[in-house]
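This report refers to the structure that appears directly beneath it.
The values are calculated or read from the model by the stated rules, or taken from the named source; none is laboratory data. Note that the structure is a prediction, hence the values are computed from the model and not measured. Cβ placement follows ideal geometry from the backbone for every residue including glycine, while neighbour counts extend to all protein chains displayed. Heads up: the accessible areas ignore ligands, DNA and RNA and are worked out on the full protein's heavy atoms, side chains in. Shrake-Rupley method; radii C 1.70, N 1.55, O 1.52, S 1.80 Å.
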Amino acid sequence: MSKLAKEILLKNGNPPIVEFFRRPKTLFELLNVQKLRAYKYKVQPVHWYEKGFEGCYYEVHRTKYTIYNNEPKHGHAWALLFWRGRPAFHPPKEMKGGTKFAWQQYRSPAADGIKYDQSTAKTIEKRRNFLLKGYYTGLYPKTPPPKDGALQ
């Protein structure tokens with residue numbers, strides 16, 4: 001890497017492309033980078049993967065993007081839901097939660113060593129619901145408290 005490039009990175013932080021790949025993606029951000037409008041692309045919400053649901057994913061059949069600020073961050077997607085390896089319904093239905101959850105390409109949790117455990121799944125869901133409830137009801141302050149513990 002050249003000296004100029006190192007100085008720019010140190011001054012401005014990571015380039016936008018690196019930041020894009022590091023942060024969680026909405027469904028439409030994930031599908032936008034696929035070719036052929038993501039036909040038969042397998043995706044799953046990240047929380048399904050963390051809970052260890054094996055063979056649970058959506059197979060995308062059609063997408064329609066809504067453009068905001070020259071980026072397709074919203075839209076509609078129609079897919080087949082596969083639950084435990086079998087299709088839950090035959091005609092593709094519109095997917096819900098495309099912008100609510102973080103999405104990823106389908107990976108088998110068992111291949112990565114994650115096993116489904118009922119108590120772990122309930123704990124993850126309780127924590128997620130608690131954090132979302134606090135976020136939406138304004139229980140959490142906008143700025144974090146000072147680290148030294150001093151009151152303002």
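Brief remarks follow.
- Residues within the stretch 38-65 that are free of Cβ contacts under 8 Å to residues at least 40 places away in the same chain and in contact with a helix residue (DSSP H, G or I) (Cβ under 8 Å, 6 or more places away or on another chain), tallied: 6
- The residue list Ile67, Ile8, Ile17 contains one member that is at pLDDT below 85, assigned to a strand (DSSP E or B), over 30 Å from Thr123 (Cα atoms) and open to solvent by 80 Å² or more (accessible area, probe 1.4 Å), which is Ile67.
- Against the test of being surrounded by 12 or more Cβ atoms within 10 Å (Cβ to Cβ), out of contact with any Leu (no Cβ under 6 Å at 6 or more places or on another chain) and not polar (S, T, N, Q), the options His90, His47 yield a single qualifying residue, His47.
- So Gln118, is it within 17 Å of the chain's Cα centre (by Cα), open to solvent by 90 Å² or more (accessible area, probe 1.4 Å) and either at pLDDT below 85 or of a type outside the set (Lys, Arg) (or both): no
Residue by residue, here is whether (1) among the aliphatic types (A, V, I, L, M); (2) open to solvent by less than 90 Å² (accessible area, probe 1.4 Å); (3) under 22 Å from Glu94 (Cβ atoms); (4) modelled with pLDDT under 70 holds:
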{"residue": "Leu4", "(1), (2), (3), (4)": "yes, no, no, no"}
{"residue": "Leu27", "(1), (2), (3), (4)": "yes, yes, yes, no"}
{"residue": "Leu36", "(1), (2), (3), (4)": "yes, no, yes, yes"}
{"residue": "Val43", "(1), (2), (3), (4)": "yes, yes, yes, no"}
